[in-house]
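Data first, discussion second: the structure below is written as C-alpha cells.
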Amino acid sequence: MEEGLLLNLLYQIMEDCVLLNHITTDDPYGGYTDVWTEGASFKAAISKNNSTEAVVAERQGISEIFIVVTMKGMNLGYHAVFKRKRDGAIFRVTGTNKDNEAHPNSTIQIAKTTAERWELPA
C-alpha cells in the first residue's frame, strides 16, 4: 500500500480530542475541590485494544484498553487525561507516545500510546 494512501486513511479516522487540565482549589469549608478544564486540542485515532492480553486484563477488572495514535510532536505523557469530543468519552494515558514515535526518516510522522477509559474523580 502506498504511504500517501495509508497516511490519508489515518487522517480520515482521526477525531477531535482535547486535553483536560486538573486544578485543585480551596473550598470555603477548609477542604478542596477538583476542577477539570479543557486545554489544548489535538486529533487522534482511538481504537479498542482487542489483543488476548487486553481481553484477559478486562476480565480481571482492568478498565478497557485503547491504542491512541497522534501526530508526532503531540506529547501525551503518562496519566495525561483527554476527552474525545464526539461522545465526551474520557481517557487516561497509560504509556508515553515519545517511546513509540515513527522513525525520524519516515514520511509518516505519527506516535502511538495506550490509554484506558476513565472517569473524572467527583
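Some values worked out for this structure:
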read-out	value
Ranked list, fewest to most other Cβ atoms within 10 Å of each Cβ, for W118, W36	W36, W118
Theoretical FRET efficiency, 1/(1+(r/R0)^6), r = Cβ-Cβ of Y32 and I62, R0 30 Å, to 0.05	0.55
Rounded to the nearest 20 debye, dipole of the range 1-96 from Cβ charges on Lys, Arg, Asp, Glu	160 debye
L5 paired with I23, simple spin-label distance in nm, labels 7 Å along Cα-to-beta-carbon	4.9 nm
Ascending count of other beta-carbon atoms within 10 Å, so fewest first, for T70, T24, T96	T24, T96, T70
Sorted by Cβ density within 10 Å, fewest first, the residues F91, F66	F66, F91
Isotropically averaged projected area of the chain, using the convex hull of Cα atoms (one quarter of hull area), nm²	9.5 nm²
Principal-axis tilt of helix 3-13 within the chain, Cα atoms, nearest 10 degrees	30 degrees
Gain upon complete extension [R86, A102; 0.36 nm per residue less C-alpha separation]	3.1 nm
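Where a number appears in this text, it was derived from the coordinates with a stated rule and is not lab data. Since the model is a prediction, treat every value here as computed from it, not as a measurement. Note: ideal-geometry Cβ built from the backbone for every residue, glycine included; neighbour counts use all protein chains shown.
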